[in-house]
Amino acid sequence: MGRVVDNIIVKFGGSVITDKKHPLSLNLDAINSLSRTLAMHSSKKIIVHGGGSFGHYYAKLAGLNTKCKHIYEVNKVVLTRKSMFELNSHVIDSLTSYGLNPYTITPFYWNKDFSELKSLILKLLSQNFSPVFFGDVVPCKGGFRILSGDDISYILCRMLKPSRMIFCIDVDGIFQSPRLEGSPIKELDPKMVKNIIVKEHIIDVTGGMLRKIKIAYKISKLGVDVFFVNGFKQDALLKALNGEYGVGTCMRGVH
Ligand code: IP8
């Protein structure tokens, strides 16, 4: 599939848009800062957001994770999804208030070869909408599983080959040690991935930072540059939107 010019996929990390230490707590200032920054940039944007203390909180109670689960509590599945729609509505409100035109697409609409999804995204982008996705609870053979926002980001990168993929996280980038000492790694060589030990949030049911780094590696193999930037810092996100290397951590696309 060909490259669509000047599309940027931005993932709002759940640890930025919510407070992961407290169940169901929103970080509205961070959501607004992300929305304001995106509105300042002229590129076409596709937004994906994580679950943070909303989706992960209920998913953990429900015993759900990225593997297909046959035994689950129906009402917790409902609450997990409900909390994600609630979080999404806050993100949508914020994006709208900064003049963007968000259009949420849930995995419900996806067919196997993603062809309809691709046409829908391209149509929305051409009409000045910003498609928005979020990690969700999806049916699988005989049960349910979590489809994380990071997995969705990979699917979208494979489909659209965007100019770059930006993960907004709660620290300045990827660090060599879990104590986050020194400066973040400026350029992450895929060979370094296995030596990185990361600090994980206990609440995370989808594999946290390590899984994110592995997904970033898969995205870089599609020829797409991947940036990890501090989602609380407007300047860092703006630089990444401009494709400036040296901000946060970058994993360059392999061509
Ligand atoms: O925060 C998880 O998405 P992620 C979504 O991108 C749910 O891993 C429902 C827990």
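Summary table below
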| read-out | value |
| --- | --- |
| Of the criteria (1) touching a Phe, Trp or Tyr at 6+ places or on another chain (Cβ under 8 Å); (2) modelled with pLDDT under 95, which one N101 fails | (2) |
| So L87, is it within 30 Å of K44 (Cβ to Cβ) and either within 11 Å of the ligand (Cβ to nearest atom) or among the basic types (K, R) (or both) | yes |
| Whichever residue in the range 98-109 is of a type outside the set (A, V, I, L, M) and touching a strand residue (DSSP E or B) at 6+ places or on another chain (Cβ under 9 Å) and, among such residues, is surrounded by the fewest Cβ atoms within 10 Å (Cβ to Cβ) | F108 |
| Output for the range 59-81, where each listed residue is within 15 Å of the ligand (Cβ to nearest atom) and either closer than 26 Å to L38 by Cα or touching a strand residue (DSSP E or B) at 6+ places or on another chain (Cβ under 7 Å) (or both) | A59, G63, L64, N65, T66, K67, C68, K69, Y72, V77, T80, R81 |
| Test: residue in the range 75-86 that is under 17 Å from P131 (Cβ atoms) and in contact with a Gly (Cβ under 9 Å, 6 or more places away or on another chain) | yes |
| Those residues of the range 86-97 which are buried (at least 16 other Cβ atoms within 10 Å of the Cβ) and not β-branched (V, I, T), in sequence order | L87, N88, H90, S94, L95 |
| Any hit, the range 36-50, residues being modelled with pLDDT under 95, near the ligand (Cβ under 9 Å from one of its atoms) and buried (at least 24 other Cβ atoms within 10 Å of the Cβ) | no |
| Given (1) at pLDDT below 95; (2) touching a Lys or Arg at 6+ places or on another chain (Cβ under 9 Å), number of the condition P162 does not satisfy | (1) |
| Residue list for the range 74-95, restricted to those being closer than 16 Å to P139 by Cβ and either among the basic types (K, R) or in contact (Cβ under 8 Å) with a residue 12 or more places away in the chain (or both) | K76, V77, T80, R81, M84 |
| Helices (runs of 4 or more DSSP H) (entirely within the range 44-137) containing at least 3 residues that are among the charged types (D, E, K, R) and farther than 15 Å from L156 by Cα | 74-97 |
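The values are calculated or read from the model by the stated rules, or taken from the named source; none is laboratory data. Because the structure is a prediction, the values reported are computed rather than measured. All Cβ positions, glycine included, derive from the backbone under ideal geometry; neighbour counts span all protein chains shown.
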